[in-house]
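Data first, discussion second: the structure below is written as structure tokens.
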Amino acid sequence: MTENNAPQDATAEDAQGAEDAVKRKFREALERKQGKAAGGANGQNRDGSKIHGTQGKAGGQRNFRRKSG
């Protein structure tokens, strides 16, 4: 019976180790991402968009006209 428990314990430890490795990778990626955001504030656009001024007003002041007829 102890022989059957040993592989299950080892498998559980491997699964826990793999889970920790995945969490560590995600944390490192998040730290890199936050580092880029903090370092990119040197006069650059904070959102990192390469497209500027596309969602603004197209023309001047809008004219409202009454329907005739």
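The values are calculated or read from the model by the stated rules, or taken from the named source; none is laboratory data. Because the structure is predicted, anything quoted here is derived from the model rather than measured. Glycine also receives a Cβ, built like all others from the backbone with ideal geometry; neighbour counts cover every protein chain displayed.
Determine, yes or no, whether Gln8 is modelled with pLDDT under 90 and either surrounded by 10 or more Cβ atoms within 10 Å (Cβ to Cβ) or assigned to a loop (DSSP other than H, G, I, E, B) (or both). Let's see the steps before the verdict.
On the way: modelled with pLDDT under 90: yes; either surrounded by 10 or more Cβ atoms within 10 Å (Cβ to Cβ) or assigned to a loop (DSSP other than H, G, I, E, B) (or both): no.
Answer is no for this residue.
Against the list (1) loosely packed, with under 10 Cβ neighbours inside 10 Å; (2) at pLDDT below 85; (3) not acidic (Asp, Glu), the condition Gly40 fails is (1).
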